[in-house]
Structure formats: structure tokens, C-alpha cells
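Let me begin by presenting the structure, written as C-alpha cells, before commenting on it.
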Amino acid sequence: MSIRFGLVVGLLLAIVVTYLTSINPSRVHVALGVDWGVDVPLMALVVGVFGAGAALALVLGVVRDLTRAYVHPSPARALPSEPTRVEAVGLCAPEPGGERARRDTLIDRRRWAEAVEIQARLVQIAPRDERSGEEAILAGLQYELARERLEKNDRTGAMGHLKEALRVQPDFVPAALALGDAHLTAGEPREALRVWERAAETSPAALPVLARIEQLHRGEGRPTRMISLYQDALARQPENMALAFGLGRVYFELAMLDEAAEQFQKMEVRAPDLPLIHAYLGAILERRGQFRDAMEEYRRALRLSDSVEWPHRCAGCGAAHSRWVDRCPSCRRWNTSRP
């Protein structure tokens, strides 16, 4: 019972006492002491006693409720929590499907800017086990948008998108190559080298990145750095034949024929059917004046292949590439070409 309700009851009792007293003038003498008493209207006495009992009950009820509230507090009403990422994805699962369809349509139409906006949202709502795949697509879209800006001679805008692609996916080789090339075009070879060296750290077997760094060192007349570039990469991935070939090629170009021959001969044991190995062995023999043996190596190289570049394969779908490509022609994924 609330205090407000008690006050209302008291007011009603007062009104009732006043009304009944006016129509019942009979009085009762109530003694309050030996020589002291008062005359009280009979109806006022009756109603007053009833009101006093009600007031006492009200006070006792309030005291009881306060005691319960203090000793046994009611638990706070739990507020609905925000949905977790997984719950949010589950609730809006149909929406990502529609967004992906729109994104794919925009990609087919080469509307990269709009596709980037949609893909950024898809990355935000993707479950943890799917996020890396969505980020790879976002990096590819940023890369294509950068290429579009370069075609319009907007180098500053293009570099911004390339940096964003590398922020999303640090080992995105196509963006690293293009960003370094943009710095080189702007007359900033030191910046280009920093970009490519970071890319070589995250992707030590990326031959186009190593080739760019090698070209800078060659232009600056630093042959030892050309050699250490491939030696360091090969130390991190000693079974990588492409890196072993790169080291042998650098030895050959620096006229270190003995080192080059040793490197290619070790590779020939492991991969006797690689045409590039025989092509370089033939060139080494030719420089040494061993023309008959050189011609035999050249013939072997021509029989095995008509390609003079290191073959690559898509890490996504397995499609063979005769050289490194920024986007697989078969599965249309970016940054999947591996030696």
C-alpha cells in the first residue's frame, strides 16, 4: 500500500466523520485523566477509532515492505544485449547474398568504386573464418580502382587506393608493385625501394618484387646487394626453385660463371626438365668457348619449352600461368599467381 493511498483514505475518513457528526449530534464523555475529560461526538469517536486502526495497519505495511526490499532486493531487470557478430550475420544472412550478387555485377561492369563500397560492408559483417577471403577481394577492388585512376593520370588518387589495398592485405603483391612503380615515376626511388622491400618481407618468393629491387640495385651499381637479395630470400625458403634460379641468373649476369654453373647444375639434379636451366647452362658453356656442349643445352631447352619466363600457377584454382599475372584468367582472383 502506498503512502499516497493512505493519505487519500485519511481524507475520506475526515469527510465521513464531518458528515456523520452533522447528522448525529449525540456526544460521549471520554475521560482522559482523574479530573479531565472531553465530550466527543459519538460518530467521530467510532470513525476515529476505525481510522486509527487503518493508519496503524498502513504504517506496519510500509515498514514490512521496506524491510523486504532491504533484506531481499529484487534483481535488476536484464536489458536485452546487443547481438554478437555471429548473431548479426545470421540475422542478416539474406542481405550479404544480395550484396555479393550486386558486387559481382559491378565487377563485371568494371564499376570499381561502387563495388568497393559494397565489399567494405561485406568485410565488416563477415564471420572470422571468411574475413580473409573478403579482405582479399577488397584489396583486389582497391587495386583495380587504383589502375583506373592511373589511366586518368590521377597518380595521387591511385597511390591512396594502393596503400589502402596494402593496409587491408599487406602481402598483396600487385598493389606493392604498382605503388613502387608510381613512386619511381614520381622520381622517388627510395620510396619505391621501401615499398618493395616491405613486400619482399611478406612475400619472399614474389619474383616480380625481387626483380624490381634487383633493377634498382643494378642501376646504382651494387652487385653485392643483388646477390644478397636472392641469398636472403633463399635462406627463408631453401626449397624454392624459383629463388634458386634467380640467384643463378644474377651470378650469370654478373659474369660469375663458376658460381652460376654450380647453382644451375644443383637445380638440374632436382628438376632436369626445366628449360630455363638448360638455357642458362648453354649460355655459360658458350661464354667458356664450349660451343658444341652449349648447342646441346640450347637444343634441350628448346625441346622442353618455348617459354623464357619462370612458370607460375594459381594458388586458388591451380591454373597454369606461363608467367606471373596479377589476376588469374581462370578463377578471376587477384594475387594468387605463385612460382
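Each residue, Asp293 and Asp171, gets one label point 7 Å from its Cα in the Cβ direction; the gap between the two is 4.1 nm. Taken along the Cα-to-beta-carbon direction at a fixed 7 Å, the label points for Arg323 and Gln231 span 3.0 nm. Projected label points at Lys163 and Glu201, each 7 Å from Cα along the beta carbon direction, are separated by 1.7 nanometres.
Grab the Cα-Cα distance for Glu253 and Arg102, subtract it from 0.36 nm times how many residues apart they are, and report the gain in nm with one decimal.
Numbers: separation 151, 0.36 × 151 = 54.36 nm, distance 5.02 nm.
Full extension from Glu253 to Arg102 adds 49.3 nm.
Tell me, what is the per residue accessible area of region 202-292 in Å², probe radius 1.4 Å? If you can, show how the numbers build up before the last one.
Working: 4410 Å² over 91 residues.
It amounts to 48 Å² per residue over region 202-292.
Counting protein heavy atoms only, region 204-293 has 50 percent of its accessible area on carbon and sulfur, 1.4 angstrom probe. If you plug the beta carbon distance of Arg222 and Glu262 into 1/(1 + (r/R0)^6) with R0 = 22 Å, you get a FRET efficiency near 0.45.
What's the extension gain from Ala315 to Glu130 if we count 0.36 nm per residue and subtract their Cα-Cα distance?
Numbers: separation 185, 0.36 × 185 = 66.60 nm, distance 1.72 nm.
Between Ala315 and Glu130, full extension yields 64.9 nm more.
Label zone (Glu239, point 7 Å along Cα-to-C-beta; backbone nitrogen cut-off 11 Å) within region 202-226: none.
For Leu254, the shell of other residues with beta-carbons less than 13 Å away shows a net charge of +1, using +1 for Lys and Arg and -1 for Asp and Glu.
The values are calculated or read from the model by the stated rules, or taken from the named source; none is laboratory data. Note that this is a predicted model, so its numbers are computed, not measured. FYI the Cβ positions are ideal-geometry reconstructions off the backbone, even for glycines, and counts take in every protein chain you see. Please note that ligands, DNA and RNA were not included when accessible areas were found on the heavy atoms of the full protein model with its side chains. Shrake-Rupley method; radii C 1.70, N 1.55, O 1.52, S 1.80 Å.
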